[in-house]
Structure formats: C-alpha cells, structure tokens
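Working notes, structure below.
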Amino acid sequence: MDRIKAQKGVYAAVATPINERMQPDHDRLTAHCRWLLDNGCDGLVPLGTTGEATSLGLAAKTDLVTALKTSGLPMERMIIGTGSTSIEDTTYLSETALDAGAAGLLILPPFYYSDPGDDGLFDFFSEVAMRLATRGPQIYLYHIPHLTGVSITVNLTRRLRETFPGIFVGIKDSSGDFSRILTFLKAIPGFATFSGSEIFAMQNLIAGGWGCISATTNITAPAVACRIRNNSSDAKALDQTILALRQRLTQDGTISRPKAYLALLKSDDNWRRTLPPNRDCADTDLSLKELFDSLQPIADLSRLYGPAIA
C-alpha cells in the first residue's frame, strides 16, 4: 500500500480571484485559502477546473504557486493542479509545485486530440512520471470526462502503478457516478480516491476512500466538515442541505455562480470576475440569506456561517 501524504477529508478545488489585469489576485487567493482551512477544509487543490487553470498561462500559474509558498500557508495540505496538454508544461509546473512543498499533483489527461485510448494516455503519463521520478512525486489522476472527453480506466491506472510504484497514488473522479469510485476502491485497495462532489464525501470515506475535492466546498466546506466530523442527530438534515446547496451552486456550471456567492460571503465584488470564455454570473439578485432561508426546514447553518447570512 502507498504511503500517501494527503490526509483524508474535505478539500476545496480553490477558486482563483482575478484582478482587473485578468491575472490571479494573490492576496485574495491566500486569504481565501486561510478561510477554507479555518472553516472545515482538510486540504486544498489550487489550479483545478474551478481555479480556471486551463485559462491561465504557465507563467501566471507558476507565479501563483510561488505566491502560495511564500504566503506561509501549509503546502503539505495542498494538491496542486499541474496538468496540461503539454508534457513539458506539465513537468515544469509539477517541479514548481514540488519545490513549493505540495503533498501531491493533480494531473489532467491530454484532452485536445481524439481519445488516444489507454496506450496513448500511458505514454503521456509515463513521460511525465519519468521526468519527475527523482523527485518522488505523488500523482493524482484527474478524471473529468464531460470536459476532457477522455476516460481514465482501472486498467490504465493499474498499469501506471505497476510501472511506477509509489508515484500514481490516487484519483479525483468527477464523473458524478459513485459506482465508479467503488470500482476503483475494489480493484485497487488503498488507492486514494476523491469524489469530485461533496454529496459523495461521507459515502466515499465509509467505503475506504479519501473524501472529496469539490468546487462548491469553496462555500459549503463548513457544512460538509460538520457532517463528516459529527455524526449527530442532524446528519440527515445536513445531507439534505449539502445536496441542495450543491445543486443551487452548480446550476450554471462550477465557476461563475460559486464565485458570485463568494463575492457575497466576503462582501467583495472582485470575486465575481472570471476569465474568458467563462463569463461573470449574470444573476445580480443573489443573496446568501435568501439562499439559506430557501433550504428550510433543513439544518440551521447560522452557527457555521455566522454574520455572513444574518
């Protein structure tokens, strides 16, 4: 079994605040990362889908990782998204993340060409692994087929693990199909499977998985952490709340609406800004209080979010 650095629990696929120059706002980002860690997150995943990583250039992503490192944030609690369609760029950003002390790397499959099948994907991931081998990386495969058009299979994963022991340690599965996570857990015992949605977090942990890495835990982290750590009498109500929040926050994607609610949570409209081709949330009538009130009679969230929803 792999000695996995990343702990189990609730992770946020961290949203990236964008400044007026269309570059990551490092100060707002580090402040948000601290808020997440202080409010239920066991770990963070910057530069994922919700972090708009595929819309950022390599220089901007490198600077972002460096900013996280110099901020004093606990890098050992971070898995950093470093994947791209380029082996060279993936390797370079992965080296930067490892230099910063990240616990792991989340790597997308190459997604531009028609699905190359297991052999083509094996060649891509193998080349990255060989270039990083002396660094002892822990790589998490990123399965998000509705965006990439590429499937990461159990057979491919086994082959990578057999060829590179201790390097390919886990997966983030954003297929939305929990049975797929169970298949990985059964086929590869001890494999660090993360669900891409918090609605499966508790089931995944019970089954032996690692929890969730979710876009919407940018906002729902306090509720999800409460559910996971306190198996109390209001567990059912919390489950209903988390599901309802997730559905509301993702009704038009996992970037613009969550960022709009972050703007409300932080009383900072700068959080609404997204990078093209994504667009800022068009709904100007959002209200955190109305959102939470609309979920009644479900769990009382005032004790978790306090003045933000008063």
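The values are calculated or read from the model by the stated rules, or taken from the named source; none is laboratory data. On a predicted model such as this, the values are computed, not experimentally measured, just so you know. With ideal geometry, Cβ positions are generated from the backbone for all residues, glycine too; neighbour counts draw on all protein chains shown. When the accessible area is computed, the model is the full protein with side chains, heavy atoms only, and any ligands, DNA or RNA have been set aside. Shrake-Rupley method; radii C 1.70, N 1.55, O 1.52, S 1.80 Å.
For residues in the range 67-84 being within 19 Å of the chain's Cα centre (by Cα) and hydroxyl-bearing (Ser, Thr, Tyr), which is nearest to residue 150 (Cα to Cα)?
So the residue we want is 84.
Yes or no: residue 199 open to solvent by 40 Å² or more (accessible area, probe 1.4 Å) and touching a Lys or Arg at 6+ places or on another chain (Cβ under 6 Å)?
Answer is yes for this residue.
So that you can scan it fast, the table gives a plain yes or no per residue for (1) more than 26 Å from residue 261 (Cα to Cα); (2) modelled with pLDDT under 95; (3) in contact with a Leu (Cβ under 6 Å, 6 or more places away or on another chain):
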{"site": "9", "(1), (2), (3)": "no, no, no"}
{"site": "12", "(1), (2), (3)": "no, no, yes"}
{"site": "19", "(1), (2), (3)": "no, no, no"}
{"site": "39", "(1), (2), (3)": "no, yes, no"}
{"site": "51", "(1), (2), (3)": "no, no, no"}
{"site": "56", "(1), (2), (3)": "no, no, no"}
{"site": "79", "(1), (2), (3)": "no, no, yes"}
{"site": "82", "(1), (2), (3)": "yes, no, yes"}
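Please find, within the range 284-303, the residue that is modelled with the lowest pLDDT out of those that are open to solvent by 50 Å² or more (accessible area, probe 1.4 Å) and under 30 Å from residue 55 (Cα atoms).
In this case the residue turns out to be 284.
Output the residues belonging to the range 170-223 that are among the β-branched types (Val, Ile, Thr) and assigned to a helix (DSSP H, G or I).
181, 183, 199, 206, 217, 219, 220
Among (1) touching an Asp or Glu at 6+ places or on another chain (Cβ under 8 Å); (2) surrounded by 24 or more Cβ atoms within 10 Å (Cβ to Cβ), which single condition is residue 190 missing?
Residue 190 satisfies every listed condition except (2).
Would you mention how many residues in the range 20-53 are among the polar types (S, T, N, Q) and in contact with a strand residue (DSSP E or B) (Cβ under 9 Å, 6 or more places away or on another chain)?
Residues that pass the stated criteria total 2.
Quick one: which helices (runs of 4 or more DSSP H) sit completely within the range 1-119 and have at least 1 residues that are open to solvent by less than 30 Å² (accessible area, probe 1.4 Å) and farther than 26 Å from residue 226 by Cβ?
It comes to 58-70, 87-99.
Of all residues in the range 224-253 being free of Cβ contacts under 8 Å to residues at least 12 places away in the same chain and in a loop (DSSP other than H, G, I, E, B), which is least open to solvent (accessible area, probe 1.4 Å)?
232
Got at least one residue in the range 261-268 being open to solvent by less than 40 Å² (accessible area, probe 1.4 Å) and outside any helix (DSSP H, G or I)?
Scanning the range 261-268, I find at least one residue that is open to solvent by less than 40 Å² (accessible area, probe 1.4 Å) and outside any helix (DSSP H, G or I), so the answer is yes.
Given the conditions (1) modelled with pLDDT of 90 or more; (2) within 18 Å of the chain's Cα centre (by Cα), and given that residue 253 satisfies all but one, which numbered condition is not satisfied?
Of (1) modelled with pLDDT of 90 or more; (2) within 18 Å of the chain's Cα centre (by Cα), only one is false for residue 253: (1).
Can you work out which of the residues in the range 166-187 that are closer than 22 Å to residue 227 by Cα, under 19 Å from the mean Cα position of the chain (by Cα) and among the hydrophobic types (A, V, I, L, M, F, W, C) is surrounded by the most Cβ atoms within 10 Å (Cβ to Cβ)?
181
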